[in-house]
Ligand code: NDP
């Protein structure tokens, strides 16, 4: 790491003790910025990098709620409003027991560069709670969402901060959150949340956007080397929102997804994952991936030990959670002949895993580029809300496809210009950084 950047990094460690995921995300971005700061010393002079690493605002609050048996629970919730140089803070809310400030800060930091890469007017933020939605009834989920919004509403707004979904937060939760926002403020302010239902201000393609966008990105990477997804074997970790729609688009483009997973294990299905059955199990019954394998019968098997990366594939799409693909998983993928890895999730590959990929010549797309289709379509939802319009599926998907191609090209151009041709990770960091840094310089020291 460049010596100036190393000093900044040491300062990040000192000011944010115990936040390992945030440190990891900062180190990953800094590892690409050496040539940029050498070429443009004014970024260092204006302390752009140290300002970027300090969130503009961090909100932490208590969320009390009552379960179906009348027992009172207390959770902790966060909203980190990281950077608004390019537009209102934009980023999802995550409900998962592992959530703490360091996870939200890593996600918010990543979001700044991701949102910049889309070319759209959105700043970076993220939020969530250590609430565990697994096994909770609809009523419990609703009361939790209402309690969370009773505090959060005062910090958000269509021109201020626009949350969306993430792990554990889908259309149902966004509905309860929006309902409480509307009730408290007495405003039908559609643009305050994205990921809404189609009949009350949502955008077509938002549900599919992150998974579809990731696969569009892979398609572009393959196209750049004269190949396509047609006939490729693909593995997809996770079986939530991102994974399901990544699988759908892979199948549409002629590839076959032969395995997917959840936190309890993975299902191998050599004939190709049956998407209708998977949606039934995961979206309707909110069940486990082992149930998918049981219901599919002889064609599929469930594996509780080991990792999905042991299954040989041409393309691997980690779409579950941070640091799920380690050095060991990366070595297994390389051994199985993998040529492309694209992150549908945020930071699913450890730094050791990405080193294995670059050493083996595996094409690697970082989440901030590959999974940006979700937030980009959220920005399209905001556009539709602002103009009180509702676009067709075809038109919205075409916009998503163009945005993903734009991100792909921006990564390659920046990688070329700053001395690391073909390196998508490097290019994504550099292109995202330059856009947000230039806006920060223009806005002065604020
Ligand atoms: P969901 O809650 O819909 O799905 C998450 C999936 O990941 C579930 O199948 C879950 O299994 C699995 N999972 C969670 N933890 C682990 C683990 N430790 N090991 C294996 N599997 C695990 O979330 P999303 O699909 O929305 O999000 C997935 C990832 O994509 C996250 O990193 C998120 O930040 C990122 N992302 C999401 C966007 C979106 O639009 N939704 C946009 C951009 C990025 P289980 O049910 O067992 O917990």
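Bear in mind that the values in this text are calculations on the coordinates, not laboratory data. Quick caveat: nothing in here was measured; it's all calculated off a predicted structure. A quick note on method: Cβ atoms are made from the backbone with ideal geometry, for glycine too, and the neighbour counts reach across all protein chains shown.
Quick notes on this structure:
- Point-to-point label distance, residue 186-residue 200, nm (Cα→Cβ direction, 7 Å offset): 2.0 nm
- Normalising by residue count, the chain has a Cα convex hull of 137 Å³ per residue.
- Entry for segment 248-332 at q = 0.11, 0.14, 0.15 Å⁻¹: log10 I(q)/I(0) = -0.28, -0.47, -0.54, Debye formula applied to identical alpha-carbon scatterers, no solvent contribution.
- In plain terms, the C-alpha convex hull of segment 327-446 casts an average shadow of 10.0 nm² when viewed from every direction.
- Percent RCO, i.e. relative contact order, over the chain, from Cα pairs under 8 Å lying at least 6 residues apart: 15 percent
- In this calculation the C-beta distance from residue 46 to residue 20 is compared with R0 = 30 Å, giving a FRET efficiency of 0.55.
- If the chain linking residue 264 and residue 98 were pulled fully straight, counting 0.36 nm for each residue of separation and taking away their Cα-Cα distance, it would gain 58.2 nm.
- For segment 338-387 versus segment 83-162, the gap between their alpha-carbon centres in whole angstrom: 18 Å
- Per-residue packing, averaged as other Cβ atoms within 10 Å, sorts the ranges 166-172, 248-254 into the order 166-172, 248-254, beginning with the highest.
- In this simple spin-label approximation, residue 446 and residue 388 carry label points 7 Å from Cα along the Cα→Cβ vector, and these lie 2.9 nm apart.
- DSSP bridge orientation in the chain - percent antiparallel, rounded to nearest 5: 55 percent
- Ratio of the Cα radius of gyration of segment 266-380 to 2.2 N^0.38 Å, where N counts its residues: 1.14
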